[in-house]
Amino acid sequence: MLLVPAIDLRDGRCVRLLRGSFSSTKQYPVDPVETARLFEAGGARWIHIVDLDAAEGRGKDNLATVQRIRGSVSCRLEVGGGVRTEEQAGRLFDIGVDLIVLGTILVRCPQEVAAWIRRLGPRFVGGVDAVDGKVRVAGWTEDGGRSDSEVAAGLTGIGVRGLIYTNISRDGTLAGPDLERTNAAACASGLPTLLSGGIGSKQDVRDAASRADPLVVGVILGKALYESRLDLGELVREFPQTPGSPWDLPAAV
């Protein structure tokens, strides 16, 4: 089970949203770069970064902070939030990001993403964010008009190498993950999948490891780490982070 700690950025600071709402933002008094270093020291092989300013679509981003993080850790970085043009993707790859998570553009213009992949390589994963099985886009503010399983099933012909499934209604609640819908989305896509949203305890991670579909290869850890409900080092000792996870390997395009 891959353990992927998350850093959500707003105005260059570490924050967490509650159920994807920008009006329910909790800021943490920690430096994003130092946080990334601590995650790597705790045994993380991947760090998941969300640029909330870019996702909100008001002309701001946290590219400079992502670049500082990239220069401070050697583990792999996956970055999502507001990447809606090939130029934006190229800037992230230029500063050394390993994977880019696509949401809105993937739902609205999947063939455009397929063209990016042909030009830039299998360096993208699909982010499916949903409430009650319905996909949300544009920083989780708009109905994507399709079901989560429908979007997940459509990923196989595009060339993305994995899926991140988030039940927005669980995100930031610490109330436990949505294994049922994550499993369904993973099976629909046939791709290595990370579960996101709701992890609040070590038992939640154990449940994911024991009850998730084999395609669900890891979990994203957020608020529970920041509020000391989870200790990353302890989790890594229970779930060793060895190379060779399906998440590490690019899918055929």
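The values are calculated or read from the model by the stated rules, or taken from the named source; none is laboratory data. This one's a predicted model, so the numbers in the text were calculated from it and none came from an experiment. Using ideal geometry, Cβ is built from the backbone for each residue, glycine included, and neighbour counts are taken over all protein chains shown.
See the values below:
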| quantity | calculated |
| --- | --- |
| Lone qualifier among Gly222, Gly200 - being more than 13 Å from Tyr165 (Cα to Cα) and in contact with a strand residue (DSSP E or B) (Cβ under 6 Å, 6 or more places away or on another chain) | Gly222 |
| Scope the stretch 67-106; condition assigned to a strand (DSSP E or B) and either out of contact with any strand residue (DSSP E or B) (no Cβ under 7 Å at 6 or more places or on another chain) or not β-branched (Val, Ile, Thr) (or both); matching residues | Arg76, Leu77, Glu78, Gly80, Leu99, Leu102 |
| Selection status of Val79, closer than 13 Å to Arg123 by Cβ and either among the β-branched types (Val, Ile, Thr) or free of Cβ contacts under 8 Å to residues at least 12 places away in the same chain (or both) | yes |
| Strands (runs of 3 or more DSSP E) wholly inside the stretch 142-253 that include at least 1 residues being at pLDDT 95 or above and under 20 Å from Ala41 (Cα atoms) | 216-221 |
